[in-house]
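Only one structure is covered here, and it is reproduced in the block below.
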Amino acid sequence: MNRAEKEQTSQPLGHLLAYATQVLSAAEIESPRREARLLMAHALGWRAEQLLAASQQDYVPEQPFLSYLERRAAREPMAFITGSKGFWTLDLAVSPATLIPRGDSETVLSCLLDYCPDKNARLSLLDLGTGTGCLLLAALAEYEQAWGIGGDINPSAAQLAAKNAMLCGLAERAFFFAGRWDDALQGQRFDVVLSNPPYIPTSDLESLMPEVRQHEPLAALDGGKDGMEAYRVLCARLPFLLTEQGIAIFEIGVHQSDDIRRVADQNNVEVVEIRKDLGDVPRAVVLRVRSEKTA
């Protein structure tokens, strides 16, 4: 963007969208036309249908649109520019302190609904590595009699999750703490334990797309040498965290089905199901602690 472009106060909508599409295409952004429209709608504070109904000849302000465009062309995630991300039925605030909620993680919620079909159940839930709070808050939105606790090692993430609980009207049933896994809990057992832990092998981090590698917290992605470090901790803790009939549902990475079965077995935990996401990739594992009779 040259100085002359920035000094102009407004331009035709169609011209700005065409320019932005060109810039985003050069930056190798997928669906550059769609993303240009999303940036414009956010810059103008319009709904998508308002933008569609507008004339391409209408003059609109260049700023903050061009600033947003510059950030997106530098591969900053769209969610960090808009400050929010939709997940399940919720609209959540996001920040660089946490991973951006992704549709793949909704597979965890679909498992929960199938294994706990009673929407009036007074479930107790624990979400470890809660990030934005997306898993716990989406679950509480479905189960109006449930309550839950979310933990994250990053205090800023725990604060963001608490903010999201307030924004979603769930603060009376959702509680958050900053700490490593369940270290802050004292003997409490839960009906459901949820987690989307770090599961990417350390050696694979450099190959992630720029939006992830350069902007999202690597600590929330790095699963150690084989990507399984967090699962070893979580599976070892499940016998002390779950109620007798409780279940755990974890998100898993590509090609980790066999590994999670092995780690679970080593900790007297049974893999009940591994469910694929909409892209036909194994994405969520449902676990139970084996009873003494079946161990």
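The values are calculated or read from the model by the stated rules, or taken from the named source; none is laboratory data. Given the structure is predicted, the values throughout are model-derived calculations rather than measurements. Counting neighbours? That spans all protein chains shown, and the Cβs are built from the backbone with ideal geometry, glycine included. For the accessible areas, the whole protein counts, side chains as well, though only heavy atoms, and no ligand, DNA or RNA atoms are used. Shrake-Rupley method; radii C 1.70, N 1.55, O 1.52, S 1.80 Å.
Return yes or no: is PHE87 at pLDDT 95 or above, in contact with a Ser or Thr (Cβ under 9 Å, 6 or more places away or on another chain) and closer than 22 Å to VAL192 by Cα?
Yes; evaluated as a whole, the condition is true for this residue.
If ASP182 passes every condition in (1) of a type in the set (Asp, Glu); (2) open to solvent by 30 Å² or more (accessible area, probe 1.4 Å); (3) more than 19 Å from PRO96 (Cα to Cα) but one, which one does it miss?
Among (1) of a type in the set (Asp, Glu); (2) open to solvent by 30 Å² or more (accessible area, probe 1.4 Å); (3) more than 19 Å from PRO96 (Cα to Cα), ASP182 violates only (2).
Counting only residues that are within 16 Å of the chain's Cα centre (by Cα) and either of a type in the set (Gly, Ala, Ser) or more than 14 Å from ALA284 (Cα to Cα) (or both), how many does segment 192-207 have?
Selection size over segment 192-207: 2.
May I ask you to list the residues in segment 34-57 that are over 24 Å from the mean Cα position of the chain (by Cα), exposed (fewer than 13 other Cβ atoms within 10 Å of the Cβ) and assigned to a helix (DSSP H, G or I)?
Selection gives GLU49, GLN50, LEU52, ALA53.
Restricting to segment 158-170, name every residue that is open to solvent by 60 Å² or more (accessible area, probe 1.4 Å) and part of a loop (DSSP other than H, G, I, E, B).
GLY169
Could you tell me whether GLN256 is open to solvent by 20 Å² or more (accessible area, probe 1.4 Å), among the polar types (S, T, N, Q) and in contact (Cβ under 8 Å) with a residue 12 or more places away in the chain?
Spelling it out, it is not the case that GLN256 is open to solvent by 20 Å² or more (accessible area, probe 1.4 Å), among the polar types (S, T, N, Q) and in contact (Cβ under 8 Å) with a residue 12 or more places away in the chain.
What about GLY131, is it part of a strand (DSSP E or B), closer than 20 Å to PRO96 by Cα and touching a helix residue (DSSP H, G or I) at 6+ places or on another chain (Cβ under 9 Å)?
No; evaluated as a whole, the condition is false for this residue.
Mind checking which pairs have a first residue in segment 18-43 that is under 12 Å from ARG72 (Cα atoms) and a second that is assigned to a helix (DSSP H, G or I) and of a type in the set (S, T, N, Q), Cβ under 6 Å, 6 or more apart or different chains?
PRO32/THR21; PRO32/SER25; ALA36/THR21
Determine if segment 261-270 includes at least one residue that is closer than 16 Å to PRO198 by Cα, in contact with a Phe, Trp or Tyr (Cβ under 7 Å, 6 or more places away or on another chain) and not small (Gly, Ala, Ser).
yes
For residues that are within 16 Å of the chain's Cα centre (by Cα) and free of Cβ contacts under 8 Å to residues at least 60 places away in the same chain, tally how many sit in segment 142-158.
4
Among the residues of segment 266-295, write down those that are surrounded by 13 or more Cβ atoms within 10 Å (Cβ to Cβ), of a type outside the set (A, V, I, L, M, F, W, C), in contact with a Lys or Arg (Cβ under 9 Å, 6 or more places away or on another chain) and free of Cβ contacts under 8 Å to residues at least 60 places away in the same chain.
The answer is ASN267, ASN268, GLU270, PRO282.
Being surrounded by fewer than 23 Cβ atoms within 10 Å (Cβ to Cβ) and either among the acidic types (Asp, Glu) or modelled with pLDDT under 95 (or both) is the filter here; which residues of segment 123-152 pass it?
Selection gives GLU142, GLU144.
Write out, first by first residue and then by second, each pair whose Cβ atoms fall under 6 Å of each other, whose residues are 6+ apart or on separate chains, and whose first residue, in segment 165-190, is more than 21 Å from ARG288 (Cα to Cα) while the second is open to solvent by 50 Å² or more (accessible area, probe 1.4 Å).
What qualifies is ARG173/TRP147; PHE177/ALA184; ALA178/PRO155; ARG180/ILE153.
Of the conditions (1) open to solvent by 30 Å² or more (accessible area, probe 1.4 Å); (2) assigned to a helix (DSSP H, G or I), ALA20 clears all except one; give me its number.
Of everything listed in (1) open to solvent by 30 Å² or more (accessible area, probe 1.4 Å); (2) assigned to a helix (DSSP H, G or I), ALA20 misses just condition (1).
Out of (1) charged (D, E, K, R); (2) within 25 Å of VAL94 (Cβ to Cβ); (3) open to solvent by 40 Å² or more (accessible area, probe 1.4 Å), what's the single condition that is false for ARG232?
(2)
Within segment 198-220, is even one residue surrounded by 14 or more Cβ atoms within 10 Å (Cβ to Cβ), among the acidic types (Asp, Glu), without any contact (Cβ under 8 Å) to a residue 60 or more places away in the chain and touching a Pro at 6+ places or on another chain (Cβ under 7 Å)?
Looking for residues that are surrounded by 14 or more Cβ atoms within 10 Å (Cβ to Cβ), among the acidic types (Asp, Glu), without any contact (Cβ under 8 Å) to a residue 60 or more places away in the chain and touching a Pro at 6+ places or on another chain (Cβ under 7 Å), one finds none in segment 198-220, hence no.
Does LEU140 meet the test of being in a helix (DSSP H, G or I) and closer than 15 Å to LEU241 by Cβ?
Spelling it out, it is not the case that LEU140 is in a helix (DSSP H, G or I) and closer than 15 Å to LEU241 by Cβ.
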